[in-house]
Amino acid sequence: MNQRHTSLPLQLACSLLSLLIVTGCASAPTIRSNVDPGVDFSLFRTFAFFEPLATDRAGYQSLISQQLVISAERELVARGLQRTDTNPDLLVNFSADLDQRLRITQSPMTPRGARGFNSHRRGFYSTWPMYQQTEVRQYTKGTLGIDVVDAARRQLVWEGIALSRVTQRTIDNIGPELDAAVAEIFRDFPLQPK
C-alpha cells in the first residue's frame, strides 16, 4: 500500500512535466491586440500602406515587407476594405524585431549511482549530497506588429502583435510563417471576414 501512495504523486508530477514540455514546444504565436473603443470601424472603406514601411530597408522594400503587404492586403480585402492610393481611410504599417534571450533552468540532481530511499512521511532522502544542475539555453524571440491608423486624424485605431520563438525552421520557411502570423493577428481585427 505504501508503494501505491508514493507512485501516485510521482505519476502526477511526470504528467504535469510532460504537459509543460509539450506546451513549451508549441510554435503557435501569442497574439495580442488593442483597439480604440471610440472608433466605428464600419465607417472605413479603403486602406493603403505607409511609404516607406518600418520594415523596409534604406531606399527599397525588403522581402519581408513584400510578404507582409500581400498577407495584410488579403486579410483587409476579405473584411470588405479596398486598397487605394488616393485618400485612403486607413494606413497600415508593420514592425518586426528579433531579440536574443537566455533561458536558465535549475534542477536538483544526485550523483550517478547514489542510492536513496522514500519515506511515506517525509519524502525522498539521499545518502549522497544533492546538487543543482543549471542549464542555459539561448533562443530568439520574434515580434511582429501591425498598426492601423486613421489617415484623416493620423491616430492609431488598432494594433495587433504576434510574439513567438524563431527557429531555423521558421527562418527557412519565412514566407508561409509570416503569412500565417498575419492571418492570426487579423483574427482580432474589429471587422470580420465577409
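Please check which bits of the stretch 157-174 a label hung off residue 35 would reach, taking the label as a point 7 Å along Cα-to-C-beta and the cut-off as backbone N under 20 Å.
What the label zone holds, given the 20 Å backbone N cut-off, is 157-163.
Treat the count of other C-beta atoms within 10 Å as a stand-in for reagent exposure and order 92, 39 from fewest to most. Walk me through the numbers before you get to the answer.
Details: 92 23, 39 17.
Listing 92, 39 from fewest to most nearby Cβ atoms yields 39, 92.
Mind sorting 86, 134, 143 by how few other Cβ atoms lie within 10 Å of their own Cβ, fewest first?
Numbers: 86 6, 134 9, 143 16.
Lowest to highest Cβ neighbour count: 86, 134, 143.
None of the figures in this text is laboratory data; all of them are computed from the coordinates on show. Note that the structure is predicted; figures quoted are calculated from it, not measured. Glycine gets a Cβ as well: all are built from the backbone with ideal geometry, and neighbour counts include every protein chain shown.
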